[in-house]
Amino acid sequence: MSDMFDCAVIGAGPAGLSAALNLRQRGKTPCILGNTSTLLAKAERVDNYLGLPEISGQKMMEVFESHVRQAGLNIQPGRVVNILPMGDFFMLNANSQILQARTVILCGGVYRGAELPGEVQFLGQGVSYCATCDGMLYKGKKVVVWGLSESAVEEADFLASLGCQVTYVAASEPAGKHGFAFLKGRLSAVEGDMKVTGVQVGNETLACDGVFILREGVSPAQLVPGLETQNGHIQVNREMATNIPGLFAAGDCTGAPYQVAKAVGEGLTAALTAAAYLDKLNKDQGGKTNV
Ligand SMILES: Cc1cc2nc3c(=O)[nH]c(=O)nc-3n(C[C@H](O)[C@H](O)[C@H](O)COP(=O)(O)OP(=O)(O)OC[C@H]3O[C@@H](n4cnc5c(N)ncnc54)[C@H](O)[C@@H]3O)c2cc1C
């Protein structure tokens with residue numbers, strides 16, 4: 001069994017880093033999961049964050065990260081594909097590794113991947129978001145990997161190494177030698193009957209037994225079963241608590257305005273609420289200690 005963290009913070013943007021820092025200051029053990037190549041790094045200039053005028057988004061992220069690292073926290077790069085509420089703790093699948101945390105703060109930003117027709121219908125019936133979790137099911141079979149994330153090539157190589165017949169679909173051909181066929185394009189639908197039989201790429205149907213859709217993020221509702229959302233945003237109260245006990249959310253993922261100051265403030269609030277929740281849990285369980 002893996003270590004039990006006090007809190008898993010999903011996303012290393014302004015909201016996630018603020019949440020993690022404030023958890024640390026409350027004496028909790030957070031783990032931060034996510035890539036630091038966030039949206040903010042694309043902003044040429046941020047002019048409305050108090051105290052840091054005329055700063056580039058890239059520089060702002062560097063300042064935030066450096067503060068968090070000075071507090072003794074590390075950022076574990078990668079993607080969380082599944083979070084299961086287990087009562088008084090959560091099991092998370094991050095980079096194909098299972099982690100446990102007593103609370104979770106979702107800080108994944110705005111989810112931009114539009115669902116494909118057939119995607120949800122065939123989820124678990126040929127549609128997967130994680131090669132390491134489901135790859136063995138497709139040994140010797142035809143699979144399509146739609147590469148929309150940084151780690152997609154690695155996951156396609158992993159499937160090929162298992163003996164899957166992999167077709168990698170992406171906007172551009174990955175450099176280097178790989179054990180898969182490449183097709184330039186994008187998926188427009190998943191097709192099937194009881195389970196997946198093919199995917200549409202442009203005007204053609206590509207026959208396959210499974211499709212791995214590897215986006216950078218996963219929609220909040222797919223990430224946590226039972227999570228309440230509205231128009232793609234996670235529903236929270238003023239304490240940043242969701243409808244699931246122990247699960248909190250902060251930043252762009254909870255809705256507009258999509259601004260750094262709001263993300264940082266909500267990260268703080270979520271951290272304080274999570275810390276109070278943990279203290280109560282500890283008291284109820286008779287002072288259980290953490291890693
Ligand atoms: C070009 C541009 C200019 C902008 N200018 C300004 C400005 O001037 N002022 C201002 O206040 N705001 C500005 N913004 C908005 C600002 O960047 C966002 O409001 C802010 O970054 C939100 O922070 P966040 O932490 O909520 O989300 P994000 O910064 O989006 O960070 C979320 C992170 O979580 C990661 N993630 C998502 N899902 C998962 C998962 N399943 N597992 C692991 N990681 C995951 C994402 O990859 C991302 O790295 C600008 C944005 C852009 C794009």
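The values are calculated or read from the model by the stated rules, or taken from the named source; none is laboratory data. Bear in mind the structure is a predicted one, so any value in this text is a computation, not a measurement. Using ideal geometry, Cβ is built from the backbone for each residue, glycine included, and neighbour counts are taken over all protein chains shown. Just the protein is used for accessible areas: all its heavy atoms, side chains included, with ligands, DNA and RNA removed. Shrake-Rupley method; radii C 1.70, N 1.55, O 1.52, S 1.80 Å.
Leaving out ligands and nucleic acids, note down the accessible area per residue over segment 127-214 with a 1.4 angstrom probe, in whole Å². Let's see the in-between values first.
Values: 4480 Å² over 88 residues.
Counting only protein heavy atoms, the per-residue value for segment 127-214 is 51 Å².
Per residue of the chain, what 222 nm ellipticity follows from adding -39500 (n - 2.57) for every DSSP H run with n ≥ 4, rounded to the nearest 500? Could the numbers behind the result be given before it?
On the way: 6 runs with 69 residues, N = 291.
The per-residue figure over the chain is -7500 deg cm²/dmol.
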Scaled by the rule-of-thumb 2.2 N^0.38 Å, the alpha carbon Rg for the chain gives a ratio of 1.05
Bridge orientation stat for the chain from DSSP, antiparallel percent rounded to 5, came to 40
Filtering GluC sites (Glu not before Pro) in segment 190-285 by DSSP loop and by at most 15 other Cβ atoms within 10 Å leaves 228, 239
With R₀ set to 35 angstrom, the calculated FRET efficiency between the beta-carbons of residue 154 and residue 244, to the nearest 0.05, is 0.65
In whole percent, the fraction of accessible protein surface over the chain that belongs to carbon or sulfur atoms, probe radius 1.4 Å, stands at 52
Between the modelled labels at residue 207 and residue 52 (7 Å from Cα along Cα→Cβ) the distance in nm is 5.4
Links exceeding 18 Å between C-alpha atoms in this model, out of 141/184; 142/177; 28/280; 28/59, come to 141/184; 142/177; 28/59
Of the convex hull enclosing the alpha-carbon atoms of segment 25-180, the direction-averaged projected area in nm² is 12.6
Whole-Å distance linking the alpha carbon centroid of segment 144-218 with that of segment 228-291 is 35
Projecting the Cα atoms of 196, 75, 108 onto the charge dipole of the chain, where Lys and Arg contribute +1 and Asp and Glu -1 at Cβ, the residue farthest towards the positive end is 75
So residue 88 and residue 188, fully extended at 0.36 nm per residue minus their Cα-Cα distance, gain in nm 32.0 nm
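Restricting to bridges with both residues inside segment 127-214, how much of the DSSP beta-bridge set is antiparallel, in percent to the nearest 5? Mind showing how you got there, number by number?
Details: 9 of 25 bridges.
Of the beta bridges lying entirely in segment 127-214, close to 35 percent run antiparallel.
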With every protein chain kept in place and a 1.4 Å probe, the residues 105, 244 fall, from largest accessible area down, as 244, 105
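When only Cα pairs under 8 Å and 6 or more residues apart are kept, what is the percent relative contact order across segment 127-214?
Working: 184 pairs, mean separation 30.6, N = 88.
It rounds to 35 percent for segment 127-214.
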With +1 on the Cβ of every Lys and Arg and -1 on the Cβ of every Asp and Glu, the dipole magnitude of the chain about its Cα centre, in debye rounded to the nearest 20, is 400
Out of 174, 152, 208 - ranked by how far each Cα lies towards the positive end of the dipole of segment 127-214, with unit charges on the beta-carbon of charged residues - the top one is 208
In debye to the nearest 20, the charge dipole size for segment 127-214, taken about the Cα centre with +1 at each Lys and Arg Cβ and -1 at each Asp and Glu Cβ, equals 160
For the residue 141, residue 283 Cβ pair and Förster radius 41 Å, calculated FRET efficiency rounded to 0.05 is 0.20
Here the relative contact order (percent) of the chain, from C-alpha pairs under 8 Å and at least 6 apart, is 22
